[in-house]
Every structure is written in C-alpha cells, then in structure tokens.
Amino acid sequence: MHLTKRFFTMNALAVLLSVGLTALAVIIFVAVYAKIFGHGADIDELKHAFEVRTGINEIKMNAQTMKFEQLLDKKYKEELSAHVRALDANAVIFKNREVVYSTRKFNDIDIEKSLVLSSNMPDQDTMELDGKSYVFARADYKLESGDTGVLLLLAQVKLKTDLYMLIGYFTIGVFIVLFLLMNFWVSYTFSQAIILPVARLKNAAVKISEGDLNGEIAEEGEGEVRELCRTLEIMRIKLKESIYLQQKYDDNRTFLVSSISHDLKTPVTSIIGYIGGIIDGVAKTPEKMDEYLETARTKAILVNAMIDDLLLYSKLDLNHLPYHFEKVDLESYFEDCVADHKYEYDKASLSLELVNELNESVLVLIDRERFRRVVQNILDNAAAYVDKPNGMVVIILRETKKWAIIEIKDNGIGIPESKLPHIFDRFYRADSSRSNTEGSGLGLAIAKQIVEGHEGDIWARSIVDEGTRIMISLKKM
Ligand SMILES: Nc1ncnc2c1ncn2[C@@H]1O[C@H](COP(=O)(O)OP(=O)(O)OP(=O)(O)O)[C@@H](O)[C@H]1O
Ligand SMILES: [Mg+2]
C-alpha cells in the first residue's frame, strides 16, 4: 500500500478505534457503576419517571370518564390530592382559565404559561416552568353551560446531573487518553516503517559515498521506502560492477602493455637485426639479401599475428565482441573443420581424423566464425607440440544426456601434471625452452574465453610423452 494511503487509513482507524473503544468503556463504566451503587441511581430515576408518567396518565384517563362537576367534589379532590402527592406530582383544575383548585400554589405567570403550553403540545411531553422541567397530562371539558374546564397534572422531572456530569467527564477523559495512545501507535508504526529504514539507508548512502561498496542494502520498510532500498541496492551493485570492470580494464591494459613489450621484443629485435644487416652491407649477395628480407617479413607477419591475438583476447575479456549464435549440426561442422586443416596437416606429415561416436545428429548453438578460432588454436597446438614421426590428431565427438563433448587428442609431447591447470591462462607457456617460442601464449586463453562465451566448458588431460586431450562441452539443443 502506498504510504500516503496507509497514513490516511491508519489515522482514520485511530479516530474510529478511539471512538469505538470510548463507547465501550462508557458502557462498562455505567454497568460497573450500577453494580457498585446498587441498582444504579440512573436506573431508579428512569423507573421513577416512568411510574410518574404512567400515574398521571391514569389519573387523567380516570378523570375523563367523569363530569367536570364531579372533579370539584370534595371527596374527589381529597382523592386527587392523595394520588398526586404519592407520585410527587401536582394537580390544577381550571374553570374558564381560572384556577378553582390546586394541590400547590403556582404563581400567575406559571399558571398562564402552563395552560398555553399544555394546549399546544401533546400530552406526556415536558414543559419548562420557573426554570424546572415538568411532565404533564391534560384533560379538557366542555360544560353544558358553555364554560370550559381543564384538569392539568404536573410532575417535576428531577435529573441526577452529578451522574451525567461524571459520565461526561469520564467519556472526554477516556477519549483523550485513547486518542493519544492511538496517535502514539500510529507514530510508532510509521517510525518503524519509515524513519528507521531511512536512517539505515542514510548510513548506507554515506558508506557508498566514502567508496565502501560492500555493504548490502537490505530491503526493509514499506511502500516507497522499500522501493528506495531496492533502487539503492541496484545502484550499489551496478556501481560495484562498473568499478570492477574499470579495474579489470586497467589491470588488463597494464598487463597487456608489459606482456606486449616483452613478447614483441624478440621478433622486433631480429627484424631490426636483419634490416640493419642489409643496410650495413652484411648481406652482400642478392640471395643473402633475399634471405634477410624474407626472414624480416616472416617476423613482421608473426608480430602482426601476435598483435591480432592480443587485441582479440582483450576484446573477449572485456565482453566487447558480440556473438552470432546459430543452430549447427556438430558432425558436419567438424567435418568442415577437418577439411580446412587437412592441407596444413598433410604438409606437416600429420594425420587428422574425425571419429563420430554420437548416437544421432546433435545440434548445438555456436558462433561459426568464433568457434573456428577455438578449433584452430587447439589444432595448431597439437601440430606444434608433436615430437613423433607418426604425429596424429583425432577429433572425437561424444554426447551425454545434456551435453555434446568434443575431444581433440594428439600423441605429442604432453604437458606435465603441475602445469596442466595453467595452460588456459593468458601468456602461459608450459615449457618455453622446448616449445615454439614464437607463440604468445594466448591460444588456449582465447579458446577458453570463446567456449565460455558459448556457456560451455574447456579442460585438458595429458600424459607427458604420450599426448594431450583437450575436451570441450557444449549444451545440446
Ligand atoms: N597439444 C599440446 N601438447 C603439449 N603442450 C601443449 C599443447 N597445447 C598447449 N600446450 C602447452 O600449453 C601452453 C599454452 O598454449 P597456448 O596455445 O595458450 O599458447 P602457445 O601455443 O604457447 O602460444 P599461441 O597459441 O598463442 O601461439 C603452450 O605453451 C604449451 O606449453
Ligand atoms: Mg597455441
């Protein structure tokens, strides 16, 4: 729920709950009051008021069955007087608006007022006389002589103002206390949902501004605050990633610069040497000159290839090269690869063979061009590190339930166990004294980058003097 909505809902709830609980408290209070003080003054009072109303009404009804003259009968007047006294009420008999009998003395104004008010209002209502409330009942008579007669019964309503005042104070007091408590509850809930998480967010933001990006920002609080936490956490992760990438980029550059300068130095030095030889006239015959130039050219081509490798590795490492994946039939793809390298291998008197152990045709998602680079680097190694006259390389295609496994096996010099884990590292050469020093040590590092770009895996098994097996796994489609 949005915070604004929640804020209004909780405040409305606080008011409603305060009102509801106050009402409940008042009911309980009255009940307890009634229990402690017997049947309760208020209840007695109500009962009494009811009795009085009924009483004067009965007298009125009885009087209405009689003639007006009978009311003036001495005996009836005594009876009437006793009756009303018992009810703590009064009776007044009028003839032509003149008082002819009264159980109590009222002043003239009240008498006049009572006559006017009782004729305008229905029975049983109350009227105010001399600042006091009265319930009344009135019976009207029309005499044969044309005169009018009235019997007016009046009973004072006595209210226990003390109790009502007490209930009033109690209600106001309870409401104030409950309302304060509810407000405290609303404030507390909001401080838990907003203020505390915001304070923690502030600390996290201060840490980030100081460069500490390791503190995870927990999602807490509610509504917008929770969203803010999430956004800040995403921001922190992105910032961390970009700093990591920047650092990696810097490291890479430093590493590549130092490696380039080291690895390029040898061929460049020999290029300088051969060209210097020509300039200085060391190559005297045209044949010698050609030989020097040809060597310088070969070295320059090598330098060029090394620079290409470096650039490719660097781009792969920074994920700057997009892949163009397509569905490819594994067997036909490797048949093409073998055909591509056949000439080169034949020239070096090496055999290259493809063995298909797949149960049926297997499709994989690969970027044809980039994956060709993987195969080429591995086949180049196999050819370069073969020391036997009957050098042979076999590509074996296998499968598991989910994976296609490509094994490229040679019978070359092999790699010592201790060096095996490093051959996929950049610029690593297992045996620089024996191996072809012309390599940059990037071939397998590039292969690993590309295979991982295909969400596959690459690893090696090797036995010294027996040969090496490079294995690649790719997800089947
Ligand atoms: N088939 C193999 N047989 C024996 N050793 C190998 C084989 N393949 C790789 N190695 C070892 O692993 C090292 C790393 O190979 P990688 O292809 O990365 O570099 P490189 O061949 O030295 O240079 P580059 O391929 O860049 O020209 C090699 O120097 C070599 O010592
Ligand atoms: Mg290589």
Name the single residue that is farthest from V451 (Cα to Cα) among those in the range 348-376 being surrounded by 21 or more Cβ atoms within 10 Å (Cβ to Cβ) and over 48 Å from the mean Cα position of the chain (by Cα).
L350
For N359, indicate whether it is of a type in the set (S, T, N, Q) and within 14 Å of ligand 1 (Cβ to nearest atom).
no
From the list R372, R398, which residue is touching a residue at least 24 places away in the same chain (Cβ under 8 Å), out of contact with any Asp or Glu (no Cβ under 7 Å at 6 or more places or on another chain) and not aliphatic (A, V, I, L, M)?
R372
Selection status of K248, exposed (fewer than 14 other Cβ atoms within 10 Å of the Cβ) and among the basic types (K, R):
yes
Matching residues in the range 202-229 - criterion: being part of a helix (DSSP H, G or I) and over 19 Å from T4 (Cβ atoms):
K202, N203, A204, A205, V206, K207, I208, S209
Kindly provide the set of residues from the range 124-172 that are at pLDDT 90 or above and among the acidic types (D, E), ordered by number.
D140
Test: residue in the range 128-147 that is surrounded by 16 or more Cβ atoms within 10 Å (Cβ to Cβ) and not in a strand (DSSP E or B):
no
Considering the range 465-477 alone, what residues qualify as being in contact with a helix residue (DSSP H, G or I) (Cβ under 8 Å, 6 or more places away or on another chain) and within 8 Å of ligand 1 (Cβ to nearest atom)?
T468, I470
Against the condition under 50 Å from the mean Cα position of the chain (by Cα) and farther than 30 Å from K388 by Cβ, how does L330 come out, does it pass?
no
So the helices (runs of 4 or more DSSP H) completely within the range 1-120 holding 3 or more residues that are free of Cβ contacts under 8 Å to residues at least 24 places away in the same chain are 3-36, 41-64, 74-86, 108-120
Report yes if some residue within the range 278-298 is in contact with a strand residue (DSSP E or B) (Cβ under 7 Å, 6 or more places away or on another chain), in contact (Cβ under 8 Å) with a residue 24 or more places away in the chain and not β-branched (V, I, T); otherwise report no.
no
Criterion (modelled with pLDDT of 90 or more, over 24 Å from D140 (Cα atoms), among the small types (G, A, S) and surrounded by 13 or more Cβ atoms within 10 Å (Cβ to Cβ)) met by exactly one of A23, A12, A63, A41
A23
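Every residue, every condition in (1) away from ligand 1 (no atom under 11 Å from the Cβ); (2) within 24 Å of N319 (Cα to Cα), yes or no:
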site: G391; (1), (2): no, no
site: E399; (1), (2): yes, no
site: I406; (1), (2): yes, no
site: H422; (1), (2): no, yes
site: S440; (1), (2): no, yes
site: G443; (1), (2): no, yes
site: E455; (1), (2): yes, yes
site: I463; (1), (2): no, no
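The values are calculated or read from the model by the stated rules, or taken from the named source; none is laboratory data. Just so we're clear, the structure is a prediction, and the values are computed from it rather than from any experiment. With ideal geometry, Cβ positions are generated from the backbone for all residues, glycine too; neighbour counts draw on all protein chains shown.
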